[in-house]
């Protein structure tokens, strides 16, 4: 016989899992994680979670994931021309990319954790079937990489230094000639 208090506790636990599953979509799994073994596990896990949330945002375009990953005072330290500073910058960039490449798929190739930094090597793939600037896509394949360095504070990305292979991307989109 199951005791009522145990049954209630089990139901509460299951309800908590269900709420958590509804609250956050599935996160991308890194192909490889290399972490400084001297870091406290709670700090390492929080940093990995922030990086996974942010990569999952780039994969899905879900702004909830960006807001969960980024600090309220998030600073893009390599801000591209025309992009607004803060959380709104990546949100707008994601909308632009998803409009141009609706099936854009992001994968975490490598994730390195040391101190308060996380380095993420991302690969983006999809088909340019939307519009980018003045160019209309015709379904051509897109495949490019990006590398980000995050400074993580209290489980959120406070600073980001990033470099994308924009030359490859712009050539694939037909914005630049080969």
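Below is a table of values for the structure above.
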quantity: Computed over region 25-173: relative contact order in percent, which uses C-alpha pairs under 8 Å that are six or more apart; calculated: 26
quantity: Burial order of peptide ranges 25-31, 136-142 (average beta-carbon count within 10 Å, highest first); calculated: 25-31, 136-142
quantity: Crossing angle, helix 88-100 versus the chain [Cα axis fit, 0-90 degrees, rounded to tens]; calculated: 60
quantity: The chain: calculated mean residue ellipticity at 222 nm from DSSP helix runs of at least 4, using -39500 (n - 2.57); calculated: -12000 deg cm²/dmol
quantity: Antiparallel DSSP beta bridges within the chain, as percent of all bridges there, nearest 5; calculated: 85
quantity: Protection proxy ranking of 73-84, 109-120 - average other beta-carbon atoms within 10 Å, highest first; calculated: 109-120, 73-84
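Just so you know, all these numbers are worked out from the coordinates, no wet-lab data involved. Predicted, not measured: the structure shown is a model, and the values here were computed from it. We place every Cβ from the backbone using ideal geometry, glycine too, and count neighbours over all the protein chains shown.
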